[in-house]
Amino acid sequence: NINYITISITELKSIVDQILDNVKDIIDEYNLQLIKDFSSGLPFMAVLLLESFKVSNLVGPLQNKHILEKLLSANNEEKEILKSCSLFNEIGYENSKKSQIQFILTNKNITPGINGSDSYILALFFKLFTRYKKREIFESYGDLFTIRPKPISINLAYDWLEECDSSR
């Protein structure tokens, strides 16, 4: 018999506050608030943002791409989907708004690099959606979802833009 303990993101926010309290003497209030907002209540993300801030004095871009890759643990096709979705603040994926995710994923100018039928690409998305929703990287509300925390989304969008050519 195994007893599981489920911890939600809201329960972790106090840990982020404790982490930031430890550095309030060396980082100004504005950047502390940015780190708190960008971490979205994830202690690990707060630590990554603090480490990046120490290197670059910027809040947002993560300096350690290797850690980001491990955090996402996505294959190439999944990463293409993530990069495309990161370009938007929120995306419809269910019911009357499902056409939004269909357009994004099946438009080769937005989501290149995935071979297969439209139904294959959508099935891949919904498999990915289930996995990332459980991990609270995808946050849904109603028929919409967003990628969180923001630094993940920003880094993915940066990767998409870096690979973008003039035809797209």
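The values are calculated or read from the model by the stated rules, or taken from the named source; none is laboratory data. Keep in mind that this is a model prediction, so the values were computed, not measured. Because the Cβ atoms are built from the backbone with ideal geometry, glycine has one as well, and the counts that use them run over all protein chains shown. Keep in mind that these areas ignore ligands, DNA and RNA; they rest on the heavy atoms of the full protein, side chains included. Shrake-Rupley method; radii C 1.70, N 1.55, O 1.52, S 1.80 Å.
Going residue by residue through the range 77-89, is there one that turns out to be open to solvent by 10 Å² or more (accessible area, probe 1.4 Å), without any contact (Cβ under 8 Å) to a residue 12 or more places away in the chain, within 29 Å of Glu11 (Cβ to Cβ) and under 15 Å from the mean Cα position of the chain (by Cα)? Checked the range 77-89: no residue is open to solvent by 10 Å² or more (accessible area, probe 1.4 Å), without any contact (Cβ under 8 Å) to a residue 12 or more places away in the chain, within 29 Å of Glu11 (Cβ to Cβ) and under 15 Å from the mean Cα position of the chain (by Cα).
Residue-by-condition table, conditions (1) assigned to a helix (DSSP H, G or I); (2) surrounded by fewer than 14 Cβ atoms within 10 Å (Cβ to Cβ):
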| site | (1), (2) |
| --- | --- |
| Lys13 | yes, no |
| Ile19 | yes, no |
| Lys24 | no, yes |
| Gln33 | yes, yes |
| Lys36 | yes, no |
| Val47 | yes, no |
| Leu50 | yes, no |
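Quick one: would you say Ser8 is of a type in the set (Ser, Thr, Tyr), modelled with pLDDT of 80 or more, closer than 20 Å to Ile152 by Cα and exposed (fewer than 12 other Cβ atoms within 10 Å of the Cβ)?
no
Would you mind finding the one in Phe53, Phe44 that is aromatic (Phe, Trp, Tyr) and within 15 Å of the chain's Cα centre (by Cα)? Exactly one residue qualifies, and that residue is Phe44.
Give the residue that is surrounded by the fewest Cβ atoms within 10 Å (Cβ to Cβ), with candidates limited to residues of the range 126-164 that are among the β-branched types (Val, Ile, Thr) and out of contact with any strand residue (DSSP E or B) (no Cβ under 7 Å at 6 or more places or on another chain). Checked the range 126-164; the qualifying residue surrounded by the fewest Cβ atoms within 10 Å (Cβ to Cβ) is Thr130.
Among the residues of the range 61-93, the one identified as more than 18 Å from Arg148 (Cα to Cα) and at pLDDT 95 or above is Glu77. Residue-level analysis places Asn3 among those that are closer than 26 Å to Lys134 by Cα and out of contact with any helix residue (DSSP H, G or I) (no Cβ under 6 Å at 6 or more places or on another chain). Cβ-Cβ contacts under 7 Å between residues 6 or more apart (or on different chains), taken from a first residue in the range 102-122 that is more than 12 Å from Ile81 (Cβ to Cβ) and open to solvent by 30 Å² or more (accessible area, probe 1.4 Å) to a second residue that is modelled with pLDDT of 95 or more and part of a helix (DSSP H, G or I), are listed as Gln102/Leu122; Asp118/Thr106.
Leu58 meets the conditions (1) at pLDDT below 85; (2) surrounded by fewer than 13 Cβ atoms within 10 Å (Cβ to Cβ); (3) of a type in the set (A, V, I, L, M); (4) more than 25 Å from Glu162 (Cβ to Cβ) in every case but one. The failed one is (4).
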